[in-house]
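First up is the structure itself, then whatever we jot down about it.
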Amino acid sequence: MNGNLTARQVFTNPIHFLAYGFGAGLSPKAPGTAGTLVAIPLYLLLMCTSLVDYLSLMMLGLVAGVFICGYTAKRMGIEDPKGVVWDEIVGFIITMVGVPLGWAWVISGFLLFRLFDIWKPWPIRWLDRSIKGGVGIMLDDVVAAVFACVLLNLAAYFLKA
């Protein structure tokens, strides 16, 4: 199967459904942004848990994402399909680790993560081009998220938020 998945393929295959961010990846414009938007309510739910649970679920999403994204990409015959947005969901969850609660922080996290994910400064661009499969799909977003997370936590520290 080459090209984009159809809505029917996404909604009838649980792995594709997750890879496509519960359907957000079907967005005809900016599927990565749509996937990151889907991550916001998930983040808000995770914020109701303990830090250990938050980090455990984040790691589960990350490890599962290697398989989920790799499986869907392989089935599609595309290295990193635009519709596969599970990596953006996990990336936003990583971005928000340790960040204070509040909509200003959520919006800042969203914008910073998208900036790094789209801009892809070194080493993100190198990772995106060099590492393939599910690991490659996930890894560039993880590094973009770490960059955004560090900046947000530094801002929170210096602003004493």
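Within the stretch 52-111, no residue satisfies the criterion of being surrounded by fewer than 16 Cβ atoms within 10 Å (Cβ to Cβ), under 18 Å from Pro31 (Cβ atoms), touching a residue at least 24 places away in the same chain (Cβ under 8 Å) and hydrophobic (A, V, I, L, M, F, W, C). Considering the conditions (1) more than 21 Å from Gly133 (Cα to Cα); (2) touching a Lys or Arg at 6+ places or on another chain (Cβ under 6 Å); (3) not polar (S, T, N, Q), Pro31 is excluded by exactly one of them, (1). On the stretch given as the stretch 13-38, residues that are in a loop (DSSP other than H, G, I, E, B) and either over 15 Å from the mean Cα position of the chain (by Cα) or without any contact (Cβ under 8 Å) to a residue 60 or more places away in the chain (or both) total 5.
To keep it simple, each residue is scored yes or no on (1) modelled with pLDDT of 95 or more; (2) more than 22 Å from Leu127 (Cβ to Cβ).
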position	(1), (2)
Asn4	no, yes
Val10	yes, yes
Gly35	yes, no
Phe67	yes, no
Tyr71	yes, no
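The single condition among (1) surrounded by 20 or more Cβ atoms within 10 Å (Cβ to Cβ); (2) closer than 14 Å to Phe113 by Cβ; (3) not hydroxyl-bearing (Ser, Thr, Tyr) that Ile40 does not meet is (1).
Among the numbered conditions (1) within 11 Å of the chain's Cα centre (by Cα); (2) buried (at least 19 other Cβ atoms within 10 Å of the Cβ), the only one that Val10 does not meet is (1).
The values are calculated or read from the model by the stated rules, or taken from the named source; none is laboratory data. This one's a predicted model, so the numbers in the text were calculated from it and none came from an experiment. Don't worry about glycine lacking a Cβ; one is built from the backbone with ideal geometry, like all the others, and counts go over all protein chains shown.
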